[in-house]
Amino acid sequence: MEKLRVAVIGCGSIAQYRHLPEYKGNQHVEIVAVCDINEARANETAEKYGAQAYTSYEELLTNVQVDIVSVCTPNYLHAPVSIAALNAGNHVLCEKPMATSNDEAKAMIEAAKNNEKKLMIAHNQRFVASHKKARQLIENGELGKIYSFRTAFGHGGPEGWSIDGKDSWFFEKEKAFVGAMGDLGVHKSDLLRYILGEEIVEVGAFVETNAKDFSNVDDNAVCVLKTETGIIGTLAASWGYSKEDNSTIIYGGKGVMRLEDNPTYSMVIQYANGEVAKYELGKIQSNDEGGQNTSFVIDHFVESVLQDQEPLVTGEEGMKSLQVILAALQSSETKQIVKISEL
Ligand SMILES: NC(=O)c1ccc[n+]([C@@H]2O[C@H](COP(=O)([O-])OP(=O)(O)OC[C@H]3O[C@@H](n4cnc5c(N)ncnc54)[C@H](O)[C@@H]3O)[C@@H](O)[C@H]2O)c1
(Lines give C-alpha, C1' and ligand atoms only; values in the text may rest on other atoms or scores of the structure.)
Protein backbone atom coordinates (compact mmCIF):
# COMPACT_ATOMS: atom_id res chain seq x y z
CA MET A 1 0.00 0.00 0.00
CA GLU A 2 1.20 3.49 -0.80
CA LYS A 3 2.18 5.59 2.16
CA LEU A 4 0.20 8.66 3.17
CA ARG A 5 2.14 11.85 2.53
CA VAL A 6 2.50 14.21 5.47
CA ALA A 7 3.47 17.86 5.88
CA VAL A 8 4.21 19.47 9.25
CA ILE A 9 3.71 23.23 9.51
CA GLY A 10 5.58 24.81 12.41
CA CYS A 11 8.83 23.07 13.43
CA GLY A 12 8.97 24.08 17.10
CA SER A 13 8.83 21.94 20.22
CA ILE A 14 5.56 20.07 19.75
CA ALA A 15 6.57 19.19 16.19
CA GLN A 16 10.05 18.08 17.29
CA TYR A 17 8.96 16.09 20.35
CA ARG A 18 5.70 14.58 19.07
CA HIS A 19 4.47 15.05 15.49
CA LEU A 20 7.70 14.47 13.56
CA PRO A 21 9.07 11.48 15.52
CA GLU A 22 5.62 9.89 15.78
CA TYR A 23 4.96 10.23 12.03
CA LYS A 24 8.44 8.86 11.42
CA GLY A 25 7.63 5.90 13.64
CA ASN A 26 4.38 5.19 11.79
CA GLN A 27 4.88 2.74 8.93
CA HIS A 28 1.88 4.05 6.98
CA VAL A 29 3.17 7.57 6.40
CA GLU A 30 6.13 9.51 5.04
CA ILE A 31 7.02 13.09 5.92
CA VAL A 32 7.44 14.91 2.61
CA ALA A 33 7.48 18.59 3.58
CA VAL A 34 7.99 20.82 6.60
CA CYS A 35 7.51 24.54 7.08
CA ASP A 36 8.73 27.14 9.54
CA ILE A 37 9.18 30.90 9.19
CA ASN A 38 12.57 30.39 10.76
CA GLU A 39 14.49 29.30 7.66
CA ALA A 40 17.39 27.62 9.46
CA ARG A 41 14.89 25.64 11.55
CA ALA A 42 12.91 24.62 8.48
CA ASN A 43 16.08 23.49 6.68
CA GLU A 44 17.48 21.61 9.66
CA THR A 45 14.18 19.80 10.22
CA ALA A 46 13.82 18.99 6.52
CA GLU A 47 17.29 17.50 6.47
CA LYS A 48 16.67 15.42 9.56
CA TYR A 49 13.48 13.91 8.15
CA GLY A 50 14.38 13.78 4.47
CA ALA A 51 11.66 16.27 3.56
CA GLN A 52 11.38 19.47 1.54
CA ALA A 53 11.73 22.75 3.46
CA TYR A 54 9.38 25.72 3.15
CA THR A 55 9.18 29.05 4.95
CA SER A 56 5.68 29.84 3.70
CA TYR A 57 2.78 27.51 4.41
CA GLU A 58 0.87 28.90 1.43
CA GLU A 59 3.73 27.92 -0.85
CA LEU A 60 3.96 24.48 0.69
CA LEU A 61 0.24 23.90 0.21
CA THR A 62 0.40 25.06 -3.42
CA ASN A 63 3.57 23.19 -4.35
CA VAL A 64 3.27 19.77 -2.73
CA GLN A 65 0.42 17.32 -2.75
CA VAL A 66 0.03 15.68 0.63
CA ASP A 67 -2.67 13.71 2.46
CA ILE A 68 -2.18 14.92 6.03
CA VAL A 69 -1.10 18.30 7.39
CA SER A 70 -0.13 18.80 11.03
CA VAL A 71 -0.61 22.37 12.23
CA CYS A 72 1.99 23.07 14.94
CA THR A 73 2.15 26.85 14.72
CA PRO A 74 1.38 29.54 17.31
CA ASN A 75 -2.33 29.69 18.22
CA TYR A 76 -3.36 32.66 16.02
CA LEU A 77 -2.41 30.66 12.91
CA HIS A 78 -4.35 27.48 13.74
CA ALA A 79 -7.53 28.53 11.93
CA PRO A 80 -6.01 30.17 8.84
CA VAL A 81 -3.46 27.38 8.27
CA SER A 82 -5.98 24.59 8.95
CA ILE A 83 -8.58 26.12 6.63
CA ALA A 84 -6.01 26.62 3.87
CA ALA A 85 -4.82 23.03 4.26
CA LEU A 86 -8.38 21.65 4.22
CA ASN A 87 -9.25 23.73 1.16
CA ALA A 88 -6.13 22.36 -0.52
CA GLY A 89 -7.64 18.88 -0.04
CA ASN A 90 -5.73 17.62 2.99
CA HIS A 91 -6.79 16.01 6.25
CA VAL A 92 -5.73 18.21 9.17
CA LEU A 93 -4.42 17.44 12.64
CA CYS A 94 -4.37 20.80 14.44
CA GLU A 95 -2.78 21.58 17.77
CA LYS A 96 -4.78 23.00 20.66
CA PRO A 97 -6.32 25.41 21.46
CA MET A 98 -8.22 24.85 18.24
CA ALA A 99 -8.72 28.54 17.45
CA THR A 100 -8.98 32.00 18.95
CA SER A 101 -12.77 32.37 18.67
CA ASN A 102 -16.00 30.48 18.14
CA ASP A 103 -16.27 31.88 14.62
CA GLU A 104 -12.83 30.62 13.67
CA ALA A 105 -13.59 27.18 15.11
CA LYS A 106 -16.87 27.03 13.17
CA ALA A 107 -15.08 28.04 9.96
CA MET A 108 -12.58 25.20 10.45
CA ILE A 109 -15.38 22.66 10.95
CA GLU A 110 -17.15 24.03 7.89
CA ALA A 111 -13.98 23.77 5.77
CA ALA A 112 -13.54 20.13 6.81
CA LYS A 113 -17.15 19.38 5.91
CA ASN A 114 -17.09 21.22 2.57
CA ASN A 115 -13.91 19.45 1.50
CA GLU A 116 -14.95 16.08 2.97
CA LYS A 117 -11.71 15.92 4.93
CA LYS A 118 -11.00 14.95 8.52
CA LEU A 119 -10.13 17.50 11.17
CA MET A 120 -8.74 16.44 14.53
CA ILE A 121 -7.61 18.59 17.45
CA ALA A 122 -4.57 17.25 19.34
CA HIS A 123 -6.13 16.88 22.79
CA ASN A 124 -3.69 14.22 23.96
CA GLN A 125 -5.01 13.98 27.54
CA ARG A 126 -7.76 11.71 26.24
CA PHE A 127 -5.13 9.17 25.23
CA VAL A 128 -3.54 8.89 28.70
CA ALA A 129 -4.12 5.40 30.18
CA SER A 130 -5.52 6.61 33.53
CA HIS A 131 -7.89 9.02 31.81
CA LYS A 132 -9.20 6.33 29.45
CA LYS A 133 -9.81 4.00 32.37
CA ALA A 134 -11.45 6.78 34.39
CA ARG A 135 -13.99 7.39 31.65
CA GLN A 136 -14.81 3.66 31.50
CA LEU A 137 -15.19 3.25 35.25
CA ILE A 138 -17.31 6.38 35.64
CA GLU A 139 -19.53 5.29 32.76
CA ASN A 140 -19.93 1.88 34.44
CA GLY A 141 -21.06 3.55 37.68
CA GLU A 142 -17.97 2.53 39.70
CA LEU A 143 -18.03 5.83 41.62
CA GLY A 144 -21.82 6.05 41.88
CA LYS A 145 -23.37 9.43 41.22
CA ILE A 146 -20.73 12.09 40.54
CA TYR A 147 -21.06 15.28 42.54
CA SER A 148 -17.86 17.20 42.11
CA PHE A 149 -14.35 17.42 40.62
CA ARG A 150 -11.08 19.26 40.90
CA THR A 151 -8.65 19.43 38.00
CA ALA A 152 -5.41 21.35 37.62
CA PHE A 153 -2.68 21.73 35.06
CA GLY A 154 0.18 23.93 36.11
CA HIS A 155 3.93 24.21 35.72
CA GLY A 156 6.60 26.88 35.61
CA GLY A 157 5.67 28.16 32.15
CA PRO A 158 6.50 27.62 28.48
CA GLU A 159 9.87 29.41 28.58
CA GLY A 160 11.29 25.99 29.51
CA TRP A 161 9.43 24.34 26.63
CA SER A 162 9.08 26.60 23.58
CA ILE A 163 11.89 26.39 21.05
CA ASP A 164 12.27 30.18 21.42
CA GLY A 165 12.41 30.12 25.24
CA LYS A 166 11.55 33.38 26.96
CA ASP A 167 11.26 35.15 23.57
CA SER A 168 8.42 32.84 22.61
CA TRP A 169 5.11 33.77 20.97
CA PHE A 170 3.49 32.06 24.01
CA PHE A 171 3.94 35.36 25.89
CA GLU A 172 2.57 37.65 23.15
CA LYS A 173 -1.17 38.21 23.19
CA GLU A 174 -1.41 38.94 19.44
CA LYS A 175 0.01 35.50 18.64
CA ALA A 176 -1.09 33.41 21.60
CA PHE A 177 -4.48 35.08 22.15
CA VAL A 178 -4.68 33.20 25.44
CA GLY A 179 -1.94 32.18 27.90
CA ALA A 180 -2.03 29.36 30.46
CA MET A 181 -5.75 28.89 29.80
CA GLY A 182 -5.03 28.05 26.16
CA ASP A 183 -1.83 26.18 26.86
CA LEU A 184 -3.06 24.10 29.81
CA GLY A 185 -6.65 24.96 30.75
CA VAL A 186 -8.12 23.77 27.46
CA HIS A 187 -6.50 20.34 28.00
CA LYS A 188 -8.48 20.06 31.21
CA SER A 189 -11.80 21.34 29.85
CA ASP A 190 -11.44 18.69 27.15
CA LEU A 191 -10.49 16.04 29.70
CA LEU A 192 -13.45 16.81 31.98
CA ARG A 193 -15.91 16.66 29.08
CA TYR A 194 -14.36 13.34 28.07
CA ILE A 195 -14.21 11.56 31.42
CA LEU A 196 -17.53 12.84 32.75
CA GLY A 197 -19.27 12.25 29.42
CA GLU A 198 -21.13 15.53 29.93
CA GLU A 199 -21.08 19.05 28.60
CA ILE A 200 -20.08 22.01 30.73
CA VAL A 201 -22.83 24.60 30.65
CA GLU A 202 -21.82 27.40 33.03
CA VAL A 203 -18.48 28.96 33.94
CA GLY A 204 -17.23 31.48 36.49
CA ALA A 205 -13.55 32.39 36.61
CA PHE A 206 -10.63 34.49 37.79
CA VAL A 207 -8.14 34.62 34.92
CA GLU A 208 -5.12 36.65 36.00
CA THR A 209 -1.68 37.69 34.82
CA ASN A 210 0.41 37.60 37.95
CA ALA A 211 3.19 35.04 37.46
CA LYS A 212 5.21 36.50 34.53
CA ASP A 213 6.03 40.20 34.59
CA PHE A 214 7.43 40.11 31.01
CA SER A 215 4.25 38.77 29.41
CA ASN A 216 0.83 40.17 28.51
CA VAL A 217 -1.18 36.94 28.54
CA ASP A 218 -3.00 35.21 31.39
CA ASP A 219 -0.81 32.92 33.47
CA ASN A 220 -2.83 31.94 36.52
CA ALA A 221 -6.51 31.00 36.51
CA VAL A 222 -9.09 29.30 38.67
CA CYS A 223 -12.52 28.48 37.23
CA VAL A 224 -15.74 27.09 38.67
CA LEU A 225 -17.65 24.89 36.25
CA LYS A 226 -21.12 23.36 36.19
CA THR A 227 -22.15 20.50 33.93
CA GLU A 228 -25.50 19.80 32.31
CA THR A 229 -26.56 17.44 35.14
CA GLY A 230 -25.34 19.81 37.84
CA ILE A 231 -21.90 18.40 38.69
CA ILE A 232 -19.79 21.30 39.96
CA GLY A 233 -16.04 21.62 40.32
CA THR A 234 -12.91 23.63 39.72
CA LEU A 235 -10.37 23.86 36.92
CA ALA A 236 -7.04 25.59 37.50
CA ALA A 237 -4.47 26.46 34.85
CA SER A 238 -1.19 28.07 35.81
CA TRP A 239 2.32 28.94 34.73
CA GLY A 240 3.04 29.82 38.35
CA TYR A 241 3.41 26.31 39.81
CA SER A 242 7.07 25.63 40.64
CA LYS A 243 6.35 21.87 40.51
CA GLU A 244 4.12 20.40 37.80
CA ASP A 245 0.58 19.44 38.76
CA ASN A 246 -1.50 17.60 36.16
CA SER A 247 -4.00 15.99 38.51
CA THR A 248 -7.73 15.42 38.46
CA ILE A 249 -9.97 14.30 41.31
CA ILE A 250 -13.52 13.05 40.81
CA TYR A 251 -15.85 12.86 43.80
CA GLY A 252 -18.67 10.31 43.56
CA GLY A 253 -21.18 8.84 46.01
CA LYS A 254 -19.29 5.52 46.17
CA GLY A 255 -15.74 6.84 46.13
CA VAL A 256 -13.08 9.40 45.24
CA MET A 257 -10.93 8.88 42.14
CA ARG A 258 -7.47 10.50 42.01
CA LEU A 259 -5.85 10.71 38.59
CA GLU A 260 -2.18 11.55 38.00
CA ASP A 261 -1.96 12.61 41.64
CA ASN A 262 0.50 9.96 42.82
CA PRO A 263 3.97 9.41 41.31
CA THR A 264 3.54 5.61 41.16
CA TYR A 265 -0.17 5.02 40.85
CA SER A 266 -1.74 7.06 38.08
CA MET A 267 -5.19 6.11 39.36
CA VAL A 268 -6.17 5.67 43.01
CA ILE A 269 -9.76 5.06 44.07
CA GLN A 270 -10.64 5.55 47.72
CA TYR A 271 -13.99 3.83 48.21
CA ALA A 272 -16.57 5.03 50.73
CA ASN A 273 -16.37 1.60 52.43
CA GLY A 274 -12.68 2.11 53.24
CA GLU A 275 -11.21 0.00 50.43
CA VAL A 276 -8.50 1.51 48.28
CA ALA A 277 -7.68 0.45 44.70
CA LYS A 278 -4.35 1.54 43.20
CA TYR A 279 -3.58 1.24 39.51
CA GLU A 280 -0.16 1.53 37.92
CA LEU A 281 -1.11 2.40 34.36
CA GLY A 282 1.96 4.12 33.01
CA LYS A 283 2.92 7.71 33.47
CA ILE A 284 1.39 10.78 31.88
CA GLN A 285 3.51 12.83 29.48
CA SER A 286 5.23 15.59 31.29
CA ASN A 287 7.75 18.36 30.77
CA ASP A 288 9.57 16.61 33.60
CA GLU A 289 11.40 13.34 32.88
CA GLY A 290 9.80 9.93 32.73
CA GLY A 291 6.45 10.38 30.99
CA GLN A 292 5.02 8.03 28.38
CA ASN A 293 6.99 8.35 25.16
CA THR A 294 4.15 8.61 22.69
CA SER A 295 1.11 10.83 22.58
CA PHE A 296 -0.96 8.23 20.62
CA VAL A 297 -2.50 11.26 18.88
CA ILE A 298 -0.58 10.94 15.64
CA ASP A 299 -1.13 7.18 15.31
CA HIS A 300 -4.83 7.66 16.04
CA PHE A 301 -5.19 10.32 13.36
CA VAL A 302 -3.33 8.24 10.75
CA GLU A 303 -5.58 5.29 11.61
CA SER A 304 -8.70 7.49 11.29
CA VAL A 305 -7.61 8.58 7.82
CA LEU A 306 -6.68 5.05 6.73
CA GLN A 307 -9.92 3.53 8.05
CA ASP A 308 -12.04 6.52 7.02
CA GLN A 309 -13.35 6.87 10.59
CA GLU A 310 -14.11 10.00 12.60
CA PRO A 311 -11.18 10.75 14.94
CA LEU A 312 -11.85 10.78 18.70
CA VAL A 313 -11.37 14.55 18.97
CA THR A 314 -13.26 16.08 16.05
CA GLY A 315 -13.48 19.78 15.26
CA GLU A 316 -16.81 19.89 17.12
CA GLU A 317 -15.18 18.37 20.21
CA GLY A 318 -12.30 20.84 20.00
CA MET A 319 -14.76 23.72 19.72
CA LYS A 320 -16.74 22.64 22.80
CA SER A 321 -13.55 22.40 24.85
CA LEU A 322 -12.46 25.82 23.57
CA GLN A 323 -15.85 27.31 24.49
CA VAL A 324 -15.22 26.57 28.17
CA ILE A 325 -12.06 28.67 27.95
CA LEU A 326 -13.82 31.46 26.03
CA ALA A 327 -16.54 31.49 28.71
CA ALA A 328 -13.92 31.67 31.48
CA LEU A 329 -12.23 34.65 29.82
CA GLN A 330 -15.58 36.39 29.49
CA SER A 331 -16.52 35.61 33.08
CA SER A 332 -13.27 36.99 34.41
CA GLU A 333 -13.71 40.17 32.42
CA THR A 334 -17.37 40.77 33.24
CA LYS A 335 -17.35 39.33 36.79
CA GLN A 336 -20.42 37.32 35.80
CA ILE A 337 -21.18 33.62 35.51
CA VAL A 338 -21.27 32.85 31.77
CA LYS A 339 -23.64 30.38 30.11
CA ILE A 340 -21.88 28.59 27.26
CA SER A 341 -25.09 28.54 25.22
CA GLU A 342 -25.03 32.37 25.27
CA LEU A 343 -21.44 32.80 24.08
N1 LIG B 1 -0.80 18.94 22.70
C2 LIG B 1 0.08 19.40 23.57
O3 LIG B 1 0.25 18.86 24.65
C4 LIG B 1 0.88 20.62 23.23
C5 LIG B 1 2.07 20.88 23.91
C6 LIG B 1 2.79 22.01 23.56
C7 LIG B 1 2.34 22.87 22.58
N8 LIG B 1 1.16 22.61 21.95
C9 LIG B 1 0.63 23.51 20.92
O10 LIG B 1 1.41 23.40 19.74
C11 LIG B 1 1.50 24.65 19.09
C12 LIG B 1 2.99 24.99 18.86
O13 LIG B 1 3.61 25.06 20.13
P14 LIG B 1 5.15 24.76 20.37
O15 LIG B 1 5.27 24.41 21.79
O16 LIG B 1 5.66 23.85 19.36
O17 LIG B 1 5.75 26.23 20.14
P18 LIG B 1 7.22 26.64 19.73
O19 LIG B 1 7.39 28.06 20.11
O20 LIG B 1 8.21 25.66 20.30
O21 LIG B 1 7.23 26.47 18.14
C22 LIG B 1 6.41 27.21 17.28
C23 LIG B 1 7.05 27.21 15.91
O24 LIG B 1 6.16 27.80 14.96
C25 LIG B 1 6.96 28.56 14.06
N26 LIG B 1 6.13 29.54 13.35
C27 LIG B 1 5.70 30.75 13.76
N28 LIG B 1 4.99 31.36 12.79
C29 LIG B 1 4.98 30.51 11.73
C30 LIG B 1 4.43 30.59 10.42
N31 LIG B 1 3.78 31.66 10.00
N32 LIG B 1 4.61 29.53 9.60
C33 LIG B 1 5.31 28.44 9.98
N34 LIG B 1 5.87 28.32 11.23
C35 LIG B 1 5.69 29.35 12.08
C36 LIG B 1 8.02 29.18 14.96
O37 LIG B 1 9.13 29.69 14.23
C38 LIG B 1 8.36 28.00 15.85
O39 LIG B 1 9.39 27.21 15.29
C40 LIG B 1 0.79 25.66 19.99
O41 LIG B 1 -0.50 25.90 19.51
C42 LIG B 1 0.71 24.96 21.33
O43 LIG B 1 -0.42 25.34 22.09
C44 LIG B 1 0.44 21.49 22.25
Quiz prompt | Computed P(r) (all Cα pairs; region 94-162; 5 Å bins; percent) | solution = 3, 11, 13, 16, 15, 16, 16, 9, 1
Quiz item: When we measure straight from the Cα of LYS24, which lysines land under 22 angstrom away, once same-chain ones fewer than 8 places off are left out?
Solution: LYS3, LYS48, LYS96, LYS118
Quiz item: If you find the alpha carbon centre of region 44-71 and of region 120-168, how far apart are they in angstrom?
Solution: 30
Quiz item: What Kirkwood radius, in Å to one decimal, follows from the Cα pairs of the chain?
Solution: 20.5
Quiz item: How many percent of DSSP beta bridges within the chain run antiparallel, rounded to 5?
Solution: 60
Quiz item: With Cβ to Cβ distances under 13 Å as the rule, what net charge do the other residues near GLN27 carry (K, R +1; D, E -1)?
Solution: -3
Practice problem: Pull out a ≥ b ≥ c, the square roots of the eigenvalues of the alpha-carbon gyration tensor of region 61-199, then state rounded if a/c is under 1.5, prolate if not and a/b is larger than b/c, and oblate in the remaining case. | Solution: oblate
Practice problem: Just the number, please: carbon plus sulfur as a percent of the accessible area of the chain, 1.4 Å probe, no ligands or DNA/RNA counted. | Solution: 45
Quiz prompt | GNM result for the chain, Cα springs below 10 Å: residue of GLN52, GLN309, GLN16 fluctuating most strongly | solution = GLN309
Quiz prompt | Distance violations [Cα-Cα > 27 Å] among LYS188/LYS254; LYS166/LYS335; LYS188/LYS243; LYS188/LYS283 | solution = LYS166/LYS335
Quiz item: Are there trypsin sites (Lys or Arg not before Pro) in region 100-205 that DSSP marks as loop and that have at most 11 other Cβ atoms within 10 Å, and which are they?
Solution: LYS145
Quiz item: Taking the Cβ of ALA180 as the center, what net charge do the other residues with Cβ under 9 Å away carry, scoring Lys and Arg +1 and Asp and Glu -1?
Solution: -3
Quiz item: Say we join alpha carbon atoms closer than 10 Å with springs in a Gaussian network model of the chain; which of ALA328, ALA236, ALA272 then has the biggest fluctuation?
Solution: ALA272
Self-check item: Charged-residue dipole, Cβ positions (Lys, Arg, Asp, Glu), the chain about Cα centre, Debye nearest 20
Solution: 880
Quiz item: With all protein chains present and a 1.4 Å probe, how do ASP308, ASP245, ASP213, ASP219 order by accessible area, largest first?
Solution: ASP213, ASP308, ASP245, ASP219
Quiz item: Which distance in nm do the two modelled labels at GLU275 and ASN114 give, with both placed 7 Å along the Cα-to-Cβ direction?
Solution: 5.5
Practice problem: Take each of the peptides 200-211, 81-92, average the number of other beta-carbon atoms within 10 Å over its residues, and list them starting from the highest. | Solution: 81-92, 200-211
Quiz prompt | Cα-centred dipole magnitude for region 142-299, charges only on beta-carbon of K, R (+1) and D, E (-1), debye, nearest 20 | solution = 540
Self-check item: the chain - mean residue ellipticity at 222 nm from DSSP helices (-39,500 (n - 2.57) per run, n ≥ 4, rounded to 500)
Solution: -9000 deg cm²/dmol
Quiz item: region 1-34 to region 246-266: how many Å between their Cα centroids?
Solution: 34
Self-check item: Positive-end residue, region 98-197 charge dipole about Cα centroid, Cβ charges, pick of ASN140, PHE153, ASN115
Solution: ASN140
Practice problem: Please work out the average accessible area per residue across the chain, using the 1.4 Å probe convention, and give it in Å². | Solution: 44
Quiz item: Convex hull over the alpha-carbon atoms of region 297-343: what's its volume per residue in Å³?
Solution: 70
Self-check item: Total charge dipole magnitude, region 1-56, about the Cα centre, Cβ charges on Lys, Arg, Asp, Glu only, Debye to nearest 20
Solution: 140
Quiz item: Within region 19-121, which GluC sites (Glu not before Pro) sit in a loop by DSSP and count at most 11 neighbouring Cβ atoms inside 10 Å?
Solution: GLU116
Exercise. Please arrange VAL222, VAL34 by accessible surface area, largest first, computed with a 1.4 Å probe and ligands excluded.
Key: VAL222, VAL34
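The values are calculated or read from the model by the stated rules, or taken from the named source; none is laboratory data. Values in this document were obtained by computation on a predicted structure and should not be read as measured data. Note: ideal-geometry Cβ built from the backbone for every residue, glycine included; neighbour counts use all protein chains shown. Heads up: the accessible areas ignore ligands, DNA and RNA and are worked out on the full protein's heavy atoms, side chains in. Shrake-Rupley method; radii C 1.70, N 1.55, O 1.52, S 1.80 Å.
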